[in-house]
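Structure record follows, encoded as structure tokens.
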Amino acid sequence: MSRIKKIVINIAVIVLNVIYLPFKCLKTQNKVTYISRQANKPSIDFCLLNKKMDELDSTVKQVILTRKIEKGIIAKLKYALHIFVQMYHIATSKVVVVDTYVIPVSVLKHKKNLKIIQIWHALGAIKQFGYQVVGKEEGSSKVVADAMKMHKNYDVITCASSTTAIFYSEAFNTDISKIKVIGMPRVDDILGANKNDEILNKNPNYVGKKTIVYIPTFRKKDKVNIEDIIENVDYSKYNLVIKLHPLDTTQVPQEYLAKGNFSTYDMLKFADYIITDYSATAIEASLLQKPLFLYVYDIDKYNETRGLNVKLTEELSSSTFKDIKEILKIIERDTYDYDALTKFRNKYVETYNQNNTENICKLIKEYMK
């Protein structure tokens, strides 16, 4: 079966490259194209880059293409048609910026002058991904990874720390010399203005109590255990807000969902206490220097099926627990280890005191010449 799958994919790649030939004959424009399949609307990173590029050079044309690969035959056919749109803009751009694996970016043979920048969609890599998990339960098979030329054709990959660069080198199966430690746009947003007044306006019941925000990572096969935290929080003192990953189908009772269209970063800035697990949210939250806890009730299984880059139980040993009651005890006692949190932030976000968005825009402008 794997041999047949490989043959089918190889034929599809050849066909795409043949279709791409006429697009490559089109004139290259003074254009940068941002492509993602993480969501159906632009990420905060793309929005920040778009705005800053306009400020730095308004003559550069910018195109943002965002579309998820949804379930169902019709949705997949629509995405297949969208690939032709991607091909046109890739072929006519000087620079392409992606934040995930994008099929035509990696499988097609491009013009020599095209530059491709991978910024990734997470601030770091606590959990393993890409080539680190090929052949594992939560990763792709080697046959598919090779046939789909996973994460090929990048000229540069950006990240926020030299430690993360090592993880990215493995995950993207590339030489570390291609990785630049110049940050990620969302760092600027997380450290920017908050929407706390708007959140309170939409959720007046939050007034008078401290708020615990629980943001678990997406588990490919298992649902998140939200029952333990729901059952153990003292609601006479605390609000509990649960913010799931967009792909997570775990059913959360309405009383634990914040009213209003607020992002994960809005809720991070609003929170008094943040609880997550293997998500890069932990790195993002460390920027705010608020009590951050890691609830890793399934760490043994997760290590087996996925794998971790960061040894959480060592680096944040004073705030990493399998039992939610231990976390709630520290919150109640107000005995948080901020020194460990600062050390963690400094290690994984070396660019926390820089203008991350401008750093990447300057790289784009350099490639536009």
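The angle between the Cα long axis of helix 162-171 and the longest principal axis of the Cα atoms of the chain comes to about 60 degrees, rounded to the nearest 10.
Surface composition of the chain: carbon and sulfur make up 53 percent of the accessible area, probe 1.4 Å. The angle between the Cα long axis of helix 2-24 and the main principal axis of the chain comes to about 60°, on a 0 to 90 degree scale.
From the coordinates of this entry, Cα extents along the principal axes in Å is computed, and it appears in [x] 79, 46, 45; [y] 66, 52, 39; [z] 69, 58, 37 under the label [y].
Extension gain, E304-N201: 0.36 nm per intervening residue step, less the Cα-Cα distance, totals 32.7 nm. Computed about the Cα centre, the dipole magnitude for segment 250-369 is approximately 400 debye when only Lys and Arg (+1) and Asp and Glu (-1) carry charge, each at its Cβ.
Both radii come from the Cα set of segment 287-369: Rg as radius of gyration, Rh as Kirkwood radius; their ratio Rg/Rh reads 1.14. Suppose R0 equals 25 Å; then what is the FRET efficiency for K149 and N346 from their Cβ-Cβ distance, rounded to the nearest 0.05? Efficiency for this residue pair is about 0.10.
Of K202/K322; K24/K115; K76/K365; K142/K243, which pairs sit farther than 23 Å apart, going by alpha carbon to alpha carbon? Pairs exceeding 23 Å: K202/K322; K76/K365; K142/K243. Counting only Cβ charges, +1 for Lys and Arg and -1 for Asp and Glu, the dipole size of the chain around its Cα centre is about 2100 debye.
With protein chains left intact and a 1.4 Å probe, residues in segment 18-60 average 54 Å² of accessible area per residue.
This model, with +1 at the C-beta of Lys and Arg and -1 at the C-beta of Asp and Glu, gives segment 51-130 a dipole about its Cα centre of some 260 debye. Run the quick spin-label model on N194 and K31: label points 7 Å from Cα toward the beta carbon, then report their separation in nm to one decimal. If labels sit at N194 and K31, their model points lie 4.2 nm apart. The distance from the alpha carbon centre of segment 134-182 to that of segment 214-277 is 30 Å, rounded to a whole number.
All distinct Cα pairs of segment 220-313 go into the 1/r average, and the inverse of that average, the Kirkwood radius, is 14.6 Å.
Ordering A80, V13, V133 by Cα displacement along the dipole of segment 1-140 toward the positive end leaves V13 in first place; charges were set at the Cβ atoms of Lys, Arg (+1) and Asp, Glu (-1). Residues whose amide H lies under 5 Å from that of N239, counting only those 5 or more places away or on a different chain, are K210, T211, I212; hydrogens are built 1.01 Å from N in the peptide plane. Close amide H contacts of L65 (hydrogens built in the peptide plane, cut-off under 5 Å, sequence separation of 5 or more or a different chain): Y34, I35, S36. Please find the FRET efficiency linking V181 to K61, where r is the Cβ-Cβ separation and R0 is fixed at 30 Å, and quote it to the nearest 0.05. The computed FRET efficiency comes out at 0.55.
Fully extending the segment from E137 to R3, taken as 0.36 nm per residue of separation minus the present Cα-Cα distance, adds 46.3 nm.
Here the Kirkwood formula puts the hydrodynamic radius of segment 141-182 at 10.8 Å, using every distinct Cα pair. Take every pair of alpha-carbon atoms less than 8 Å apart whose residues are at least six positions apart; their mean separation over the length of the chain yields a relative contact order of 18 percent. Accessible surface computed residue by residue for segment 224-328, with neighbouring protein chains in place and a 1.4 Å probe, gives 41 Å² per residue.
What do you get for the angle between helix 338-348 and the principal long axis of the chain? Use alpha-carbon atoms, 0 to 90 degrees, nearest ten. Roughly 0 degrees between the two axes. DSSP beta bridges fully contained in the chain are about 5 percent antiparallel.
In segment 1-69, a dipole from Cβ-located charges (positive for Lys and Arg, negative for Asp and Glu) runs towards its positive end, and of V60, L49, Y34 it is Y34 whose Cα lies farthest in that direction.
For K223 and A80, a Förster radius of 30 Å and the Cβ-Cβ distance give a FRET efficiency of 0.50, rounded to the nearest 0.05.
Put simply, the amide H of K180, placed in the peptide plane, has neighbours under 5 Å in I157, T158, C159, leaving out anything fewer than 5 places away on its chain. Counting only protein heavy atoms and using a 1.4 Å probe, the accessible area of L21 comes to about 100 Å².
The values are calculated or read from the model by the stated rules, or taken from the named source; none is laboratory data. In this text, all values refer to a predicted model and were calculated from it rather than measured experimentally. Backbone-built Cβ (ideal geometry, glycine too); neighbour counts: all protein chains shown. Ligands, DNA and RNA are excluded from the accessible area calculation, which covers all protein heavy atoms including side chains. Shrake-Rupley method; radii C 1.70, N 1.55, O 1.52, S 1.80 Å.
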